[in-house]
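The values are calculated or read from the model by the stated rules, or taken from the named source; none is laboratory data. The shown structure was predicted, so the numbers you read here are calculated from the model rather than taken from an experiment. Note that we place each Cβ from the backbone using ideal geometry, even for glycine, and neighbour counts take in every protein chain shown.
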Amino acid sequence: MEKIELSIVIPCYNSESSIEELMDRINHQMNKMGLSYEVICVNDCSKDNTIDNFHLLSQKHPQFTGIDLMFNVGQFRALMCGFEQTTGQYIVTMDDDLQHPPEEIDKLYNALKNNPDIDAVLGAPVKKEHAWYRNLGSFFVRKINEKIFNKPKGLRISAFRCLNRKLVDTLVNHKTFFPVMGPLILRSTRNIINVDIEHNKRKYGASNYTLLTLIKTTIDNIINFSSLPLKYISMLGMITAGISFLLIIYFLFKYFFVGISQPGWTSVILLINFYSGIILLSLGVIGEYLVRIQAEVNGFPKYVIRNKI
């Protein structure tokens, strides 16, 4: 059996308009590079005819493997599913919307191949063709990663990446129910570099990444991999308790030595709202951790493969 040099993993959702063109361009680029390769596309319960296109592509391209999942799991778990199916020495991940040009794969592969001490090469777009809110979300995630994972300030996290076999095997061994690829890579290795790449405008349809999705991903980044929110809430609780103690002393002093002619109705309402808000915020953050703990211990599968094409 021929040894596969490069595996390309693509999570797919509603990709019927782009997947055929994407596969044709990948095939052309791989023939140009002269590498043995495989393409593994994971259909994350698309609502269109993506799975029908998988059948057509499997007949047209012998290097193509389509995986159909039983239920929607999200991009990162779909990637994990794809990783477990790969056999290549190097693994490229890319999106299904043609914003990651297959013609740039050689930059990522060659940078990793020529640097044996490097585990991951991440594509850094020269100019990102994303909506403003997505670029803003990326900025906040970048700052969070710098704070929580000690990410080097110059390093840019990207979904268009090339990883070596050892790193992919390490990522697969993470058994968390809520995998987030950027933080997992940062936890697994420090030997990461960027390579400048082109980033195309979206050719078909609209992005599946809504503002709500980006907010959820940011929360996942923080809560799934860090206890920092709990530490900040604990600190806030101590500061609030200190302020409360000082206010008690102040009002007792005023009551015994100065006298209070009029009850401070406004002050009471403001204080009640302030402390109630802090309590609800604290309970909300603790609840987020409990939900994730419950999901981890319930043993529900990260994904289930319905069919392999």
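What about T50, is it in contact (Cβ under 8 Å) with a residue 24 or more places away in the chain, touching a Lys or Arg at 6+ places or on another chain (Cβ under 6 Å) and not basic (K, R)? Criteria not met by T50.
Condition check for R202 on (1) outside any loop (DSSP other than H, G, I, E, B); (2) at pLDDT below 75: one failure, at (1). Can you tell me which residue within segment 51-90, out of those that are aliphatic (A, V, I, L, M) and not in a helix (DSSP H, G or I), is nearest to the chain's Cα centre (by Cα)? Among those residues, the one meeting the criterion is V73. Of all residues in segment 256-284, none that is not assigned by TED's automatic domain parsing to the domain that holds L236 has its Cβ atom under 8 Å from the Cβ atom of a residue that is at pLDDT 65 or above and part of a helix (DSSP H, G or I), 6 or more apart or on another chain. Condition test on D97, is it among the charged types (D, E, K, R), surrounded by 22 or more Cβ atoms within 10 Å (Cβ to Cβ) and within 25 Å of R202 (Cβ to Cβ)? Yes; evaluated as a whole, the condition is true for this residue.
Any chance you could count how many residues in segment 14-50 are buried (at least 20 other Cβ atoms within 10 Å of the Cβ) and either touching a helix residue (DSSP H, G or I) at 6+ places or on another chain (Cβ under 9 Å) or closer than 21 Å to F83 by Cα (or both)? Going through segment 14-50 one residue at a time, the tally reaches 17. Please determine whether any residue of segment 168-181 is touching a strand residue (DSSP E or B) at 6+ places or on another chain (Cβ under 6 Å) and at pLDDT 90 or above. Yes - at least one qualifying residue is present in segment 168-181. Screening V9 with (1) in a loop (DSSP other than H, G, I, E, B); (2) among the β-branched types (V, I, T); (3) closer than 25 Å to V180 by Cβ gives one miss only, at (1).
Residues checked against (1) surrounded by 19 or more Cβ atoms within 10 Å (Cβ to Cβ); (2) small (G, A, S); (3) modelled with pLDDT under 95:
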{"residue": "L69", "(1), (2), (3)": "yes, no, no"}
{"residue": "V73", "(1), (2), (3)": "yes, no, yes"}
{"residue": "T86", "(1), (2), (3)": "yes, no, no"}
{"residue": "L108", "(1), (2), (3)": "yes, no, no"}
{"residue": "A120", "(1), (2), (3)": "yes, yes, no"}
{"residue": "K151", "(1), (2), (3)": "yes, no, yes"}
